[in-house]
1. Can you tell me, using C-alpha contacts under 8 Å and at least 6 residues apart, the relative contact order of segment 102-183 as a whole percent?
2. Relative to the Cα centre, what is the charge dipole magnitude of the chain, using +1 at the beta carbon of each Lys and Arg, -1 at the beta carbon of each Asp and Glu, and rounding to the nearest 20 debye?
3. Match the structure shown to one of the listed values (i) -0.41, -0.74, -1.40; (ii) -0.50, -0.77, -1.26; (iii) -0.38, -0.64, -1.20 of log10 I(q)/I(0) by the Debye sum over Cα atoms at q = 0.06, 0.08, 0.12 Å⁻¹, computed from it, and give that label.
4. Which whole-number percentage describes the relative contact order of segment 1-132, with Cα contacts under 8 Å and a sequence gap of 6 or more?
5. Using θ = phi - 60° and the Karplus relation 6.51 cos²θ - 1.76 cosθ + 1.60, list the HN-Hα couplings for segment 527-533 in order, rounded to whole Hz, with x at every Gly or Pro.
6. Roughly how much of M439 is accessible, in Å² to the nearest 10, using a 1.4 Å probe?
7. Scanning the chain for GluC sites (Glu not before Pro) in DSSP loops with at most 15 other Cβ atoms within 10 Å, what's the longest stretch left with none?
8. So, for the chain, what is the accessible surface per residue at a probe of 1.4 Å, expressed in square angstrom?
Amino acid sequence: MLEFPRWKYVVILIVLALSALYALPNIYQKDPAVQITANRGGQVDDALRERVLADLKVAGINNLGAEKEGDSLIVRLPDLQTQAAASATLRDSVGENYTVALNLASTVPDWLQRLGGRPMVLGLDLQGGVHFVLQVDQKAAVDKRMDAYAEDVRGTLRESRVPFQSVERRPDNSIVATLSPSADDAAAERARLALVKAQPTLGYDVAGKRITVTVPDAELSQITNGAIEQNINTLRNRVNQLGVAEPIIQRQGADRVVVQLPGVQDTAEAKRMIGATATLEYRAVVDNNPASVADKIATGRIPPEAKIYQQRDNRGPILLNKRVIVTGDQMVAAQAQNDPTTGIPSVSVTLNSVGGQRMFDFTSANVGKPMAVVYTERVPTVTEVDGREVRSFRVNEEVISVANINGVFGKNFQTTGLEKKEADDLAKLLKSGSLAAPMDFVEERVVGPSLGAENVERGITAVIYAFMFTLVFFTVYYRMFGLITSAAMLFNLLIVVAVMSLFGATMTLPGFAGLALSVGLSVDANVLINERIREELRAGVPGKSAIVAGYERASGTILDANLTGLIVGVALFAFGTGPLKGFALTMIIGIFASMFTAITVSRALATLIYGRRKKLQNVAI
């Protein structure tokens, strides 16, 4: 008997409705837009909106309106040329308290967004995306390493019990250690031997009680190249934190890095996370008494080991030790959370073994004494000098908390004193790793499809025509069952688009190839079923029995064939990168969809058409 359970019809209708709902956002095109996000000290409100619209009006730039979305102001523009002009105008007008970034604003209706509907993410080769070029500050990388070398020299001399007067860095990337006048004549040689043992790659020259440490040119070159490579790895980790699929991050020339992000919605967040150099430093407190600190600053009697820092929320200056206990470079894990006792935002930190040992040693020797947490952020600035843009950095350092060390701790602890968004952003930065050198955005633009809009349009047209040709062929060759096959293939395509949209998968041109392959597998499955039904009819089996036998006997073969395809797809996704992943993902989703539509949906349609006929003399196949 040709029968089909009613609950399966209900499942098919539910899948059809959900697929249509979540594939629907793909018909809505995105508007070019400029996104304005507030940094610390800025506020997104109606006053900012009115100011932005007034600035655009003065500049003669048309817009489609401005609206607040989340923590940002989105200004919609009619085209990409107007978007670029608006971005340049607003960067100069809104000031340093705001981040201005290019964006593609969604036009999906609010009711659909509330249901979780969003358009499928398209790759750079189909939709384009955001293109950044970042300049790596190689001098800062060298300065950072030289500071570390100087600190290592001080530590080695202390451990070797060699008295020294000063350790200074020179502009020629050398370090000069001057021993104390009370040091004996053999102290310089002992110090040199200890330094050679600690840092054998550096050069050492002894002249009296002065030791000059030099860094070879090969070492300096390795520092700058290593800084760029570390920055590229860190950028990949940070982009992964943003959840961007299939980004392009590669080196350009001697000191630049190109970052291309396909279809990014929140480009201000991407820009902030990519270029941010915020980190934490833990320092010993030299003096936190407001009156005493103010007196020392006024009289200039600041201890040589101390440095002046400002505390957050205008709590006044504080003197901290120049020597850092632990920095963000030594953090291996970080998680933003709320303190279980107070409920205030905090960052739970895990240090590496070196940082954990240093923190353990310091807290063991300083129980009951205060320790400060310094939040350091390097902010790029652009100033105009003689008609030319001069790029530089402004370093913001502020003490976010000062607390007494109540007990000994090492690798794991919590840091409080941050706002919730700062805690979230800082946790992402610490998890992704620190930049070896700061970077400045020297170019930012929205890029079109990498293969050209015309080529992409032709490719999509070719896919549509091939699909239509397949439908026409099957309709002519298999007649009614050809129409059933065509309906199942359309349903298959709808399911794939809906699933990829729902889960934010990226569709690329290789993904189209995977989609075409999955449609081909769906066609192949229906061919097996149709030919099996034909064989049963040729053997004299009645129509309804032939249809039932065709589906039941072909199902096992279809499952076996698709299982091998799934194994290949999973292997490509697990071990492949970039385009291979896009191809594998669409193929895997398409295989599951094709099995469902070929075995279940097409049988349901066949049952609807032929099931109620009492006598089935002919089957249109």
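The values are calculated or read from the model by the stated rules, or taken from the named source; none is laboratory data. Just so it is clear, the structure is predicted and the values come from calculations on it, not from any experiment. Don't worry about glycine lacking a Cβ; one is built from the backbone with ideal geometry, like all the others, and counts go over all protein chains shown. Just the protein is used for accessible areas: all its heavy atoms, side chains included, with ligands, DNA and RNA removed. Shrake-Rupley method; radii C 1.70, N 1.55, O 1.52, S 1.80 Å.
1. Working: 47 pairs, mean separation 14.3, N = 82.
Worked out over segment 102-183, it gives 17 percent.
2. On the way: 64 positive and 62 negative charges, 388 e Å.
The calculation lands at about 1860 debye.
3. (ii)
4. Working: 165 pairs, mean separation 45.9, N = 132.
It rounds to 35 percent for segment 1-132.
5. Whole-Hz 3J(HN,Hα) from phi for segment 527-533: 5, 4, 5, 5, 5, 5, 5.
6. Here the residue's solvent-accessible area equals roughly 0 Å².
7. Details: sites that count: E3, E96, E305, E419.
Longest site-free region, per DSSP loop and neighbour criteria: 97-304.
8. Numbers: 30880 Å² over 621 residues.
Here the residues of the chain average 50 Å² of exposed surface.
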